[in-house]
Every structure is written in C-alpha cells, then in structure tokens.
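Beneath this line is the structure, given in structure tokens, with notes to follow.
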Amino acid sequence: MKLRRSRPQRALLPVVLACALPGAAHALDAACAKAITQANLKQIDAPAFHSVKRFSGTSLEVIKANGKLYQRLGTEPWAPASFTVQELREAVQVAERALQSCERGGTDTVDGIPAQVFRFSVKGPMGEVVAAQVWVGTQDGLPRREDSATVKATTSYRNVTAPL
C-alpha cells in the first residue's frame, strides 16, 4: 500500500534521503561516490539513528528506533514518518546517480569520532549544482555530519529512543 504524501512531505523526502546529498567541480570518482552511497545505506540499516537537518530557517528530524521511522518538522509534534525504509534505500540509489563530482577531502573528527571527509556536488531538483561535504566515521562507516550552503545536518546513533 502506497502512502499518500502532501506536496511539502514529498519535497522534504529528498532532504531526508540524501543524508550526503547536497565541492568544487572535480571529476566523479566512482570509489568516492560508492563510499557515500554505502554510508547512507548503512545509516538506513542501522538499528537506530537520530538525524537533524537544518535548512531554510527550520529543521527536519528523523528518528529510527525499534524498526520504525518518525519525523518532526520544526516544532510540530512527532509523527510516524511519511516514508518507508525501502523508499529511503531507493532514494539513495537515485542520489548516487545525481552526483556530479566526488573526492576525498581528508580526515577530521565529529564529536570525538575520527571521520573521512568527502566533498561532492550533486544536481538538484531544479537543475542547479549543489556543493556539499559529508563526514563518515572511519571505524563504523556511518555518516555523522553533512554541510552545504543550504543544509546543515548531524546524525547520532547512541541513546536513540522512539519519540512516541
């Protein structure tokens, strides 16, 4: 059964999905692109996560706990997510095809966790090219932080509980 989504919910789905979606123009390194895709899939498959994305003066939070997804836009109450884990997985594959460039950008730490930084650009829904970075844990392969001109995000994997 397909869930019906309002237009705003459908517009937010790519933001949620593309945990690494949104550098400079460089060639698309296939290994780099695959590393970002694998990190996003690993996040989706994690037993639990809490992702907070800030954009356009608001935020979108997604929690996965006990096999269920929940979402909250801004200060609205928590609700069951308007998308499924399978839809997230499919969107990650679509996002990989939208990559325009990808390169490794060195190492850093996020909340004390060593991470590989990936810089990339992706073609947005209006045909614009958006530059971004994602920090992926070097030991666990999980995305920890994302940063672009329009979206700032963090994801945690410990002490995550269902909001409802």
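The values are calculated or read from the model by the stated rules, or taken from the named source; none is laboratory data. Small disclaimer: the values here were computed from a predicted structure and weren't measured. FYI the Cβ positions are ideal-geometry reconstructions off the backbone, even for glycines, and counts take in every protein chain you see.
Hey, among the residues in segment 112-164 that are at pLDDT 95 or above and of a type in the set (D, E), which one's farthest from K53 (Cα to Cα)? Selected residue: D140. Of the candidates K34, K64, K68, the single residue that is of a type in the set (K, R) and surrounded by 15 or more Cβ atoms within 10 Å (Cβ to Cβ) is K64.
For (1) exposed (fewer than 12 other Cβ atoms within 10 Å of the Cβ); (2) assigned to a helix (DSSP H, G or I); (3) in contact with a Cys (Cβ under 9 Å, 6 or more places away or on another chain); (4) not β-branched (V, I, T), each residue gets a yes or a no:
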site: R72; (1), (2), (3), (4): no, no, no, yes
site: F83; (1), (2), (3), (4): no, no, no, yes
site: T107; (1), (2), (3), (4): yes, no, no, no
site: V130; (1), (2), (3), (4): no, no, no, no
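Candidates are the residues of segment 38-60 that are under 14 Å from V134 (Cβ atoms) and not basic (K, R); the one that is surrounded by the fewest Cβ atoms within 10 Å (Cβ to Cβ) is Q38. Taking the criterion of being over 19 Å from L142 (Cα atoms) and assigned to a strand (DSSP E or B), the residues of segment 109-124 that qualify are S121, V122, K123.
Restricted to segment 132-164, and to residues that are assigned to a loop (DSSP other than H, G, I, E, B) and under 12 Å from the mean Cα position of the chain (by Cα), which residue is surrounded by the fewest Cβ atoms within 10 Å (Cβ to Cβ)?
Filtering segment 132-164 for residues that are assigned to a loop (DSSP other than H, G, I, E, B) and under 12 Å from the mean Cα position of the chain (by Cα), the one surrounded by the fewest Cβ atoms within 10 Å (Cβ to Cβ) comes out as V151.
Set side by side, the residues E103, E96 differ, and just one is among the acidic types (D, E), in a strand (DSSP E or B) and in contact with a helix residue (DSSP H, G or I) (Cβ under 7 Å, 6 or more places away or on another chain), which is E103.
Restricting attention to segment 41-68, the residues that are among the hydrophobic types (A, V, I, L, M, F, W, C), within 18 Å of L142 (Cα to Cα) and in a strand (DSSP E or B) add up to 5. Please determine whether any residue of segment 23-31 is within 13 Å of the chain's Cα centre (by Cα) and either surrounded by 14 or more Cβ atoms within 10 Å (Cβ to Cβ) or modelled with pLDDT of 95 or more (or both). Within segment 23-31 (the criterion being within 13 Å of the chain's Cα centre (by Cα) and either surrounded by 14 or more Cβ atoms within 10 Å (Cβ to Cβ) or modelled with pLDDT of 95 or more (or both)), the answer is no, since none of the residues qualifies.
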